[in-house]
1. Looking only at segment 339-362, which residues are open to solvent by less than 30 Å² (accessible area, probe 1.4 Å), in contact (Cβ under 8 Å) with a residue 60 or more places away in the chain and not hydrophobic (A, V, I, L, M, F, W, C)?
2. When only residues in segment 190-204 that are over 24 Å from ARG95 (Cβ atoms) and open to solvent by less than 20 Å² (accessible area, probe 1.4 Å) count, which is modelled with the highest pLDDT?
3. Scan segment 205-220 residue by residue and report those that are of a type outside the set (A, V, I, L, M) and open to solvent by less than 20 Å² (accessible area, probe 1.4 Å).
4. Scan segment 275-302 for residues that are surrounded by fewer than 18 Cβ atoms within 10 Å (Cβ to Cβ) and under 15 Å from GLU116 (Cα atoms) and report the count.
5. I need a count of the residues in segment 414-453 that are in a loop (DSSP other than H, G, I, E, B) and either touching a residue at least 12 places away in the same chain (Cβ under 8 Å) or of a type outside the set (Asp, Glu) (or both).
6. Restricting to segment 227-268, count the residues that are open to solvent by 60 Å² or more (accessible area, probe 1.4 Å), within 14 Å of TYR281 (Cα to Cα) and part of a loop (DSSP other than H, G, I, E, B).
7. Working carefully through the options ARG7, ARG34, ARG95, ARG84, find the one that is among the charged types (D, E, K, R), over 23 Å from ASN134 (Cβ atoms) and either open to solvent by 50 Å² or more (accessible area, probe 1.4 Å) or not in a strand (DSSP E or B) (or both).
8. Search segment 36-87 for residues being modelled with pLDDT of 95 or more and among the basic types (Lys, Arg), and hand back the single one that is farthest from ILE139 (Cα to Cα).
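The values are calculated or read from the model by the stated rules, or taken from the named source; none is laboratory data. On a predicted model such as this, the values are computed, not experimentally measured, just so you know. Counting neighbours? That spans all protein chains shown, and the Cβs are built from the backbone with ideal geometry, glycine included. For the accessible areas, the whole protein counts, side chains as well, though only heavy atoms, and no ligand, DNA or RNA atoms are used. Shrake-Rupley method; radii C 1.70, N 1.55, O 1.52, S 1.80 Å.
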Amino acid sequence: MSKITLRQAAAWCGGRIDEKYAEVTFLGANNDSRKLLPGQLFVALTDIRDGHEFIGAAFKKGAAAALCTHCDGDYPAIVVEDTRIALGQIAAEERKRLGMQVVGVTGSVGKSTTKEMIACVLEGDYIVSKTPANFNNDIGMPMAILAMPEDTQVAVLEMGMNHAGEISYLTKIARPDTAVIINVGTMHIEHLGSREGILRAKLEILEGLAKDGKVYFNGDNDLLWQYHERASRPIMYFGAKNDQCDVHGSQVVEKDGHISFRVTYGEETFALEIPVEGLHYVPDALAAVSVGMAMGVTKENICSRLRNFRNMEGRQEIFETKGLTIIKDCYNAGPESMEAALAVLGKRSGRRIAVLGDMLELGSCTQAEHYRVGRIAAENADIVYAYGPNSQRVVSGAITGGMPDKRLGAFEDRQKLVQMLRQIARPGDVLLFKGSNGMHMELVLEQFLKDET
């Protein structure tokens, strides 16, 4: 990352500074005083808690300066009307200054894995930076840009959203040269009303795209495929189910914790193998192939790099402990990703236990989708334990799917769920832990594995 002076940053965001601090520099930014690193700019957001209350703590941790709406003392600061907007403005100018190529990735589910696979494919040919976990919103993505090394050649940026207009804001900061939409599902339908509303929100990524920028859509997704009829710029489609896609995957095989398939890219055709489980990873990989080959990465390098791919923590981590096989997929959940995770569980040998937290932000679809997931769980698991206010709907769906009551449980108390898991689990079992971020399924897993004292 590069050093930015307060004078420079203030000019970028229209802020005010005390001239005696004008040449103070900072390296990166952070809005959490507990996680702030020495030399960073502390961003005092006014959200659930007023970040100005933590400016003192931030300086004790070694903050170089504060980005704030007012100063209550004598310290290096950039004073602005809105710290969130100012952070975005500073990041937008830093993105221009660094001059790297930007690949923007969005979608209802799978965008983090797609981002990781694209970065994996490009690393070795380029100096690559990417957004870390959870840094895909109006605070995280700008902070990720400000943390990027001076010599970054390609930035792979994940763009998430809950409401209309949020990706529009992000794309105008990132100004991508390449835009990837991996799918349009039902995540966040509570705020956007319909899948068509979600599609419109995802398409906002094109607003900041360079005039000659490249666009890659998943052709297996119905709404994305239909969009080409009204698109104003060329779209390259990738997919495994739709043989009209420009980049096509075929002969897909799942075996021994890997997926393998053949890729057809123009006149090129080659075999690809990736150490992940589940057919839902095929479009993610095809997106990475599409971007990589367009940016000059050879098929040999693409195959070699994806063969050694490792996903981010919390996304389908599979490990063995205490005689149990654990599938930790706790990062987030929606109907599509829940169905995919249950399909992975269903192909495992041994007694299969699905531990499913609520799916959030589904609005009027909440009851129906939890019921539907319960029915899917009954087809893929031997025992289903649901956790959260909608847990009874999951159980009802599982009963309709033919699962007997004695293999089901609905819990709203985490400790009671953990106690039941400890009573029922035995060596040889396979346990899937999956749920929305807000359900903190990683804590359920942590408590379950913790030695009792």
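1. Scanning segment 339-362 gives GLY357, ASP358.
2. LEU199
3. GLY208, GLY213, TYR216, PHE217, ASN218, GLY219
4. Here the count works out to 1.
5. Final tally of qualifying residues: 11.
6. Going through segment 227-268 one residue at a time, the tally reaches 1.
7. Just one listed residue meets the conditions, ARG7.
8. Per the criteria, the residue is LYS60.
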